[in-house]
Amino acid sequence: MNFKFRSGTNNDISSLKMLTIKSWGQFKSVLTSDNWLKLHSNISNDNTYIDLIQKSYSFLCTKESGEIIGMAFLIPKGNPTNIYNDDWCYIRFLTVDPDFRGFGIGKQLTQMCIDKAKEAKETVIALHTSEFMNDARHIYEKMGFKILKEIDKRLGKRYWLYTLEL
C-alpha cells in the first residue's frame, strides 16, 4: 500500500477531528462514562487542532486519495506544560486509523518527529502515554524512548512520561 506524508494546515481540522474520534473511540470501553465524555469533548474541539497546528511541526499520513489516516505533532521546546519541561520538545496526538494499523504508520510518524527534532537541534524529545495505549507504548519503547516517571492519573488511568535523548 502506498502512503503519502505531508504537513497539516487549518484546512485539515475537520479530517483530523474525525480521525481522532474514530481512532480514540476504541478507548470508550476502558473509560468511565464521565472520563470518555471529557476525552471526547477535547478531541471534538476544533481549538485542540488549531492550537496543535499553530505551534507544532505537523506530520500527516494520507492514502493516495488524500484521506488522512495518521497524524503526529511535534511541539518545539519553549512550550512547557505541567508535564513537559521548557527545554524539551514533545510529541502529541500520534494517531493512526484503526483500519490502517500494522502498516508501520505510527512508527514512521514517530521517526519523522525524531528526525525533525534532531534537525531543529532539540536535545530531548518527550511524550506521554497511558496504560490503555499498549500498541503505542510498544512502538515508543522499541524506538528507544524510556519511561522517565509515572505522572498523575488522567481520565482515571495510569500515564507515563517517556523521553529520548537526541
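Here, each number is a calculation from the coordinates, and none is a lab measurement. Treat the numbers as computed from the prediction; the structure is a model and nothing was measured. Don't worry about glycine lacking a Cβ; one is built from the backbone with ideal geometry, like all the others, and counts go over all protein chains shown.
In the stretch 3-165, with Lys and Arg counted as +1 and Asp and Glu as -1 at Cβ, which of these residues, 36, 9, 90, has the Cα nearest the positive end of the dipole, that is, farthest along it?
Looking along the dipole axis, the top candidate is 36.
Within the stretch 77-166, report the GluC sites (Glu not before Pro) that DSSP leaves as loop and that have at most 15 other Cβ atoms within 10 Å.
Filter output for the stretch 77-166: 131.
Among the aspartates and glutamates, select those whose C-alpha is under 17 Å from the C-alpha of residue 63, and discard any that sit fewer than 8 residues away in the same chain.
Counting by Cα, and skipping residues close in sequence, residue 63 has these aspartates and glutamates nearby: 12, 97, 99.
Full-extension gain between residue 34 and residue 85, please, as 0.36 nm times their residue separation minus the C-alpha to C-alpha distance.
15.4 nm
Per DSSP H run of n ≥ 4, the term is -39500 (n - 2.57); total these for the chain, divide by its residue number, and report the mean residue ellipticity at 222 nm rounded to 500 deg cm²/dmol.
Theoretical 222 nm ellipticity from helices: -10500 deg cm²/dmol.
Report the charge-dipole magnitude of the stretch 3-165 in Debye, nearest 20, computed about the Cα centre from +1 at each Lys and Arg Cβ and -1 at each Asp and Glu Cβ.
200
Pull out the extension gain between residue 146 and residue 17, defined as 0.36 nm times the separation in residues minus the alpha carbon to alpha carbon distance; nm, one decimal.
Fully extending the segment from residue 146 to residue 17 adds 43.5 nm.
Pick out, in residue order, every one of the chymotrypsin sites (Phe, Trp or Tyr not before Pro) in the stretch 35-118 that is DSSP loop and has at most 16 other C-beta atoms within 10 Å; say none if there are none.
103
When the distances between all Cα atoms of the stretch 51-112 are binned every 5 Å from zero, what whole-number percent does each bin get?
Final binned percentages: 4, 19, 26, 21, 15, 9, 6, 1.
Taking a threshold of 19 Å on the Cα-Cα distance, which of the pairs 28/153; 17/107; 22/77; 118/153; 22/142; 55/77 fall above it?
With Cα atoms farther than 19 Å apart: 17/107; 22/77; 118/153; 22/142.
Along its three principal axes, how long is the stretch 3-165 when you only count alpha carbons? Whole Å, largest extent first please.
Sorted from largest, the Cα extents of the stretch 3-165 read 37, 34, 30 Å.
What is the set of long-range amide H partners of residue 94 at a cut-off below 5 Å, with H atoms built 1.01 Å from backbone N?
73
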